[in-house]
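Notes follow once the structure below has been shown.
The values are calculated or read from the model by the stated rules, or taken from the named source; none is laboratory data. Being a predicted model, the structure only gives us computed values, none of them experimental. Every residue, glycine as well, gets a Cβ built from its backbone with ideal geometry; the counts of neighbours run over all protein chains shown. Only protein heavy atoms, including side chains, enter the accessible area calculation; ligands, DNA and RNA are left aside. Shrake-Rupley method; radii C 1.70, N 1.55, O 1.52, S 1.80 Å.
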Amino acid sequence: MALCPFNPASEDYADFIYNYSSQNVLSPTGPLLSGACTEFVTQNYAIFYVPLNSILPLSLEKYAYYSIPNLFTPLDTSSMDASGILSTFNTPALANKGAGTMIGFLDTGIDYTNRLFRNPNGTTRILGIWDQTLPEDTNELPPGVPDYFPMSGASYGTEFTEEQINEALASDDPLSLVPSRDTNGHGTFIAGIAAGGTLPDDSFTGAAPECSLVVVKLKQAKRYLRDYYLIREGATAFQENDIMMGIKYLRVMAHRYRMPLVILIALGSNMGSHEGLSPLSTSIQDVTRFLGFSAVIAAGNETGLSHHFEGIIPSDEPYQDVEIRVGEEESRRGFVLELWATNSDTYSVGFVSPTGEAISRIPIISGNETRIPFLLEDTVITVNYQLIEALTGRQLIFMRFEEPTVGIWRIRVYNSQFFTGSYHMWLPVESFISDQTVFLNPSPNNTITLPGNSPSPLTIGAYNHLNNSIYIHSSRGYTLSNVIKPDLAAPGVDVYGPALTGPPGTVP
């Protein structure tokens, strides 16, 4: 397939996820997508890149919910000895340290110079790095750096091979030859925990110290999506479509080297139906159906953060008030909020501001977007009703609060078509919102972040191995469709792993 004639990673282009089975964006022959550049992810999904100025303002009135890439943030990690990993190494019948297998990482990159990721002879254990952030300037390549080669089937980023990494490690200045860096440290830490080598002098070993690694360094989310989802300034955020393309790269590498693959994802989002039907979730499902492919996903640490509300409206009650305390930081920018119906119920909403200004029940007009400016304050709320969301079949109410007044807001939820009266609401994940904006009557259940609520992958919660108690913030199941999650719990408090510089250390 020919590469795009432009760099799709540019801020001048918007990204859309297209589902062939539900045709959930627009017809690819339509005026918007007819001139778009297309990159295929799976047999069901493709990514369309179109000029940004042709699609703004971004709105669910024009585009399907799951066609707009969700944003994901790095989650916390988990550790070794209490998991039984060391005793497994020392058991002759189970002494498998990962030799002959591949672990794929989609994260902030990796410090490939770290000795944890080298063989005893000093060569790399990394078979490939796809750095989506390089080149930073497509018009001018850094002097002395080899030509950039994007991953096969992608029009952005740069792939560095095992041979190039070994050449860099043998040089006096590795980063001049392979300029891929992990400036955050999260990806290096995750890789060290899962696949770091054995360092007797530091009393450290990864879970699979003899495996091969493949790394995707995800690029940061584009500005137009950050603005659409109203996330905090400076938050680390990755786009759903970039993660999906990263999974494609891992599959390509597994087939290229004919090795079994474990995909490790320590990223999460609170947006979506929480039942494993998002484009990223179904892409992971597609991979893990095949022999030799599996995925391990962090459950998240959303319990106790008051980002989830579970509501039940009795049949004899006209509505239910859901109270949200809005903090100072969100008042300067805003936040998004989602309501998902549990069954075939239909809901509508109204609002009461902290000053007492009331917005009456907004009528349901499918696909129509209602923009509500308040008279007594600067707040603007946008409400979009999706009566039957294309991938889930559930009703979605998507709400954007722009510059909301500090204080207690009441979302007045009306049941327009009663079956059970139950519904769920989610605020954004921890990194995207301040700890001052919360539900006042939250539920700790159904707090596993996407894509950890996908049915097939192993979803991992966290416990404190020092006192054998569940970590207080470890996200809890079930999924919205009552699938049991998480599958396992691993140590997740005072984790010992590699830093970007210096020896391994404990990260609380």
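On the protein heavy atoms, probe 1.4 angstrom, tell me the percent of accessible surface of region 308-439 carried by carbon and sulfur.
47 percent
Of the peptides 163-174, 64-75, 42-53, how do they stack up when ordered by the mean number of other Cβ atoms within 10 Å, highest first?
Working: 163-174: 14.7, 64-75: 24.4, 42-53: 17.8.
Ranking, from highest mean packing down: 64-75, 42-53, 163-174.
Grab the beta carbon distance between Glu317 and Arg289, set R0 = 41 Å, and tell me the FRET efficiency rounded to 0.05. Numbers along the way, then the final one.
Details: r = 44 Å, r/R0 = 1.07.
That gives a FRET efficiency of 0.40.
Taking R0 as 22 Å, what FRET efficiency do you get between Glu328 and Val352 from their Cβ-Cβ distance, rounded to the nearest 0.05? It would help to have the intermediate numbers written out before the result.
Working: r = 20 Å, r/R0 = 0.91.
That pair, Glu328 with Val352, gives E of 0.65.
Using a Förster distance of 25 Å, how high is the FRET efficiency between Thr198 and Ala170, based on the Cβ-Cβ distance and rounded to 0.05? Write down the numbers at each step before the final one.
Details: r = 23 Å, r/R0 = 0.91.
Taking R0 as 25 Å, the efficiency between Thr198 and Ala170 is 0.65.
With the crude spin-label approximation of a point 7 Å out along Cα→Cβ, what separation in nm comes out for Asn44 versus Glu210?
Between Asn44 and Glu210, the label points sit 3.7 nm apart.
Given labels modelled 7 Å from the Cα in the Cβ direction, how far is it in nm from Ile484 to Ser434?
Output for this residue pair reads 4.2 nm.
How about region 343-437: which GluC sites (Glu not before Pro) there lie in a loop by DSSP and see at most 14 other Cβ atoms within 10 Å? Don't skip to the end; give the middle numbers.
Details: sites: Glu357, Glu369, Glu377, Glu389, Glu402, Glu430; in loops: Glu357, Glu377, Glu389.
Passing both the DSSP loop test and the Cβ count: Glu357.
Roughly speaking, what is the stretch gain from Ile472 to Ile372, that is 0.36 nm per residue apart minus the C-alpha to C-alpha distance, in nm to one decimal? Kindly include the intermediate steps, with their values, before the conclusion.
Values: separation 100, 0.36 × 100 = 36.00 nm, distance 3.82 nm.
Extending this stretch completely gives an extra 32.2 nm.
Heavy atoms only, probe 1.4 angstrom, no DNA, RNA or ligands counted: give me Tyr224, Tyr249 ranked by accessible area, highest first. Numbers along the way, then the final one.
Details: Tyr224 20, Tyr249 0 Å².
Reading off the accessible areas and sorting them downward yields Tyr224, Tyr249.
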